Ligand SMILES: Nc1ncnc2c1ncn2[C@@H]1O[C@H](COP(=O)(O)OP(=O)(O)O)[C@@H](O)[C@H]1O
Ligand SMILES: [Mg+2]
């Protein structure tokens, strides 16, 4: 199983939409078995797939309850081959609890838990919170690759330096971790976007994907339908996620 952390310290850059659609594209276009982990207390990925709940244990419980196994927190989605571990506000408490409980390692819990399902899935995609906290650090320790969605504006790369520092720190626990690159989301053919992309390409010391995810109203529509783009109406963004996943698979 290869694990991909989708992360950016900023909110509203399409981390959740990208995680959902990268996961679904790996299933639909490439026939991969995929586990999606919602690692944000907002629980938007869980809500998207209709599994947001306080009755079923999720990632918060997996990180704090040593008696739980990963099998206890995996839920099915409506799509065969795409499973999910949900999140809710309990992650707030879990992040504090991990720090207080020094009786066992704090950074490697998710990684350890995922060992039991290495052969059950081809890919694990983790949708992270716009934060560096214990659950995010756990996700980086458990990951092979980091993908960073970026929205074009003057502040697009704010926080990236801190994120890259964090990735370097995490290598103490996980020297497999590779920062695969940033990709632009919500792209429009407006002057500011075209020039912004040029500016970013020159200004950034970070790797950039060629694929840009175009902005389309279809994306907001899918949040209501609970269907990933490729299972919804034909869309530019759906096609772009197909290109993005192909570009990613090509570099691995
Ligand atoms: N390609 C796109 N075109 C149009 N709207 C998009 C696109 N990608 C994301 N969005 C919208 O942008 C908002 C933020 O996306 P989301 O994935 O929730 O960001 P994050 O998880 O980084 O906070 C949502 O309302 C989402 O529907
Ligand atoms: Mg999100």
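Remarks
- Evaluation of residue 155 against (1) within 16 Å of ligand 2 (Cβ to nearest atom); (2) exposed (fewer than 12 other Cβ atoms within 10 Å of the Cβ) (one fails), failing number: (1)
- Residue check for residue 41: touching a helix residue (DSSP H, G or I) at 6+ places or on another chain (Cβ under 6 Å) and on the phi < 0 side of the Ramachandran plot: yes
- Cross-chain or 6+ apart pairs with Cβ under 6 Å, segment 1-30 first and closer than 17 Å to residue 135 by Cβ, then away from ligand 1 (no atom under 16 Å from the Cβ) and assigned to a strand (DSSP E or B): 3/124; 4/145
- Taking the criterion of being under 20 Å from the mean Cα position of the chain (by Cα) and buried (at least 16 other Cβ atoms within 10 Å of the Cβ), the residues of segment 200-217 that qualify are 206, 208, 209, 211, 212, 213, 214, 215.
- Among the residues listed as 73, 6, 59, the single one being crowded, with 18+ Cβ neighbours inside 10 Å and within 14 Å of ligand 1 (Cβ to nearest atom): 6
- Members of segment 65-98 that are in a helix (DSSP H, G or I) and in contact with a helix residue (DSSP H, G or I) (Cβ under 6 Å, 6 or more places away or on another chain): 70, 90, 91, 94, 95, 97, 98
- Residues in segment 35-65 that are within 13 Å of ligand 2 (Cβ to nearest atom) and in contact with a strand residue (DSSP E or B) (Cβ under 8 Å, 6 or more places away or on another chain): 36, 37, 38, 39, 40, 44, 45, 46.
- Residue count for segment 35-47, restricted to those that are in a strand (DSSP E or B), farther than 27 Å from residue 102 by Cα and within 16 Å of ligand 1 (Cβ to nearest atom): 1.
- Condition check for residue 68: surrounded by fewer than 21 Cβ atoms within 10 Å (Cβ to Cβ) and either modelled with pLDDT under 95 or within 16 Å of ligand 2 (Cβ to nearest atom) (or both): no
- Segment 142-158, residues that are in a loop (DSSP other than H, G, I, E, B) and within 21 Å of residue 38 (Cβ to Cβ): 142, 143, 144
- The residue that is nearest to residue 130 (Cα to Cα), counting only those in segment 99-117 that are outside any helix (DSSP H, G or I) and over 19 Å from the mean Cα position of the chain (by Cα), is 106.
- Test result for residue 50, within 16 Å of ligand 1 (Cβ to nearest atom), in a loop (DSSP other than H, G, I, E, B), surrounded by fewer than 21 Cβ atoms within 10 Å (Cβ to Cβ) and touching a residue at least 24 places away in the same chain (Cβ under 8 Å): no
- Spans of helices (runs of 4 or more DSSP H) in segment 161-252 with at least 2 residues in contact with a helix residue (DSSP H, G or I) (Cβ under 7 Å, 6 or more places away or on another chain), within 30 Å of residue 137 (Cβ to Cβ) and touching a residue at least 60 places away in the same chain (Cβ under 8 Å): 217-225, 236-251
- Odd one out for residue 20 among (1) assigned to a helix (DSSP H, G or I); (2) more than 13 Å from ligand 1 (Cβ to nearest atom); (3) over 14 Å from residue 113 (Cα atoms): (2)
The values are calculated or read from the model by the stated rules, or taken from the named source; none is laboratory data. It should be emphasised that the depicted structure is a prediction, and the values quoted were computed from it without experimental measurement. Using ideal geometry, Cβ is built from the backbone for each residue, glycine included, and neighbour counts are taken over all protein chains shown.
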